[in-house]
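The values are calculated or read from the model by the stated rules, or taken from the named source; none is laboratory data. For clarity, every value in this text was computed on a predicted model and none was experimentally measured. Please note: Cβ atoms are built from the backbone with ideal geometry, for glycine as well, and neighbour counts cover all protein chains shown. Just so you know, the surface numbers come from the protein's heavy atoms only, side chains and all, with ligands and any DNA or RNA stripped out. Shrake-Rupley method; radii C 1.70, N 1.55, O 1.52, S 1.80 Å.
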Amino acid sequence: MATIQPLTIYPLGVTPGLQDQFGRTMDYLRISLTDRCNFRCLYCMPASGMQFQPRDEILTDDELIRLVGIFAEQGVTKIRLTGGEPTIRPHLTDLIRAFKSFPGIREMAMTTNALLLANKAQDYKDAGLDRVNVSIDTLDPARFRFMTRGGRLDLVWQGIEAADHVGLGPIKLNSVVVRDHNQNDVLELARLTLTRPWQVRFLEIMPMEGVGMIYEDGLVTSAETLSDLESEFGPLEQLPSHDSDPARVWRIPGAAGTIGFISPMSEPFCETCNRVRLTADGNLRLCLLHGDEVNLRDPMRQGASNAELADLIRQGVWTKPWGHAAWEEHIRTIRGMSQIGG
Ligand code: SAM
Ligand code: SF4
């Protein structure tokens, strides 16, 4: 005789798939694989005294794989690996392969500083990684070293070229624009798109914990960056952007690539948000700029079944806040980007 499975009761009006109370569907999971990093970017981590979590608080490989399987069953189709710096996570190639083996995970991307990418790009591609976004704030080696507090631009560039070579594209480059640091470097970065079919994206700095001072003086709005670019290249053409893509996309007329603007401070894109985050220590983070998190690690370690974890995820997503008010003071006390998984 067939066993009758107990029915899961969901909040009124919720259909299968990860839905929030505002009708948004979350099919995109960003996973922080580690809170550690081999750089110390000045807008991301304080110069010294960064507190990292004890290793036993970080999800193990098995725990991560199990959770990704549950998210996939619940309707997540796209994953982004991030951190901290995801490429310093041991066994990354195996993790990529395991995540991609779940039916339903159709796309897997990674955000990386690319320092270690040159030798690993092919392995990641072969294991199932589809594409990378690389953070690069300037093409000037000395300024790069200063902004990352020691990073080597030549190695990062080799990583980008390797990613392009093995087909981890379309390549997107992320640059956080910081006044008095790399504001003038946006021109050289944008110039890359003239000949390469890449997307160079300019991000507004966010006031995360530990980097509040840089934010106070450093915010350059996307409107200001666009105006700087148009002074150099003439009027840019605006292109249609995908609904859930936070980037507003432009092109220098005739260019091979495009320019994206990500404007969480001046033009929040909460209405079309389709993403939630899994922190390295196993919390479901509902919004980058809200403290609300659902602890998945502890119930898992205490023996919760997959169905119970799925319920925690569904109920958590249902309560996802509508959006953030970037100017609210509390944001400055929110844990740093490297801990949440930017
Ligand atoms: N280490 C990887 C990297 O840098 O690409 C992945 C993690 S990093 C936290 C993810 C993204 O967050 C990067 O593109 C970085 O530039 C961005 N980021 C970090 N701190 C930020 C801040 N305060 N405001 C805006 N973006 C930030
Ligand atoms: Fe590391 Fe990325 Fe943060 Fe830079 S932005 S310190 S590379 S986690």
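Against the 2.2 N^0.38 Å scaling, with N counting residues, where does the range 174-227 land? I'd like the Cα-based Rg ratio to two decimal places.
So the Cα radius of gyration is 1.20 times the expected 2.2 N^0.38 Å.
Label D123 and R143 with points 7 Å out from Cα along Cα→Cβ: what is the distance between them in nm?
The answer from the label model is 3.4 nm.
Kirkwood hydrodynamic radius, the chain, all distinct C-alpha pairs: what's the number in Å?
Answer for the chain: a Kirkwood hydrodynamic radius of 20.7 Å.
Sorting check: for 150-156, 28-34, 76-82, which peptide has the highest mean count of neighbouring beta carbons within 10 Å, and how do the rest follow?
Sorting 150-156, 28-34, 76-82 by mean packing, highest first, produces 28-34, 76-82, 150-156.
Mind listing the lone cysteines of the chain, meaning no other Cys beta-carbon sits under 4.7 Å from theirs?
C37, C270, C273, C287 - these cysteines have no disulfide-compatible partner (Cβ-Cβ under 4.7 Å) in the chain.
Note the per residue figure in Å³ for the convex hull of the C-alpha positions in the range 104-243.
Considering the Cα atoms of the range 104-243, their hull volume per residue is 142 Å³.
At q = 0.21, 0.27, 0.28 Å⁻¹, what log₁₀ I(q)/I(0) does the range 66-128 have when each alpha carbon counts as one equal point scatterer in the Debye sum?
-0.83, -1.23, -1.29
Between A307 and F52, how many nm apart are label points set 7 Å from Cα along the C-beta direction?
4.0 nm
Which length gain, in nm to one decimal place, applies between F102 and S244 when the Cα-Cα distance is subtracted from 0.36 nm times their residue separation?
48.8 nm
Check the straight Cα-Cα distances from K125 and name the lysines below 30 Å, setting aside those fewer than 8 residues away within the same chain.
K78, K100, K172
Run the paramagnetic zone check for N38: 7 angstrom along Cα to Cβ, then residues of the range 79-107 with backbone nitrogen under 17 Å.
Backbone N within reach: 82-94.
Find the accessible area per residue for the chain; the probe is 1.4 Å, ligands and nucleic acids are left out, and the unit is Å². Don't skip to the answer; put the middle values down first.
On the way: 14910 Å² over 342 residues.
In whole numbers, the chain has 44 Å² accessible per residue.
At a Förster radius of 45 Å, what calculated FRET efficiency corresponds to the Cβ-Cβ distance of E188 and Q315, to the nearest 0.05?
Between E188 and Q315 the formula returns 0.40.
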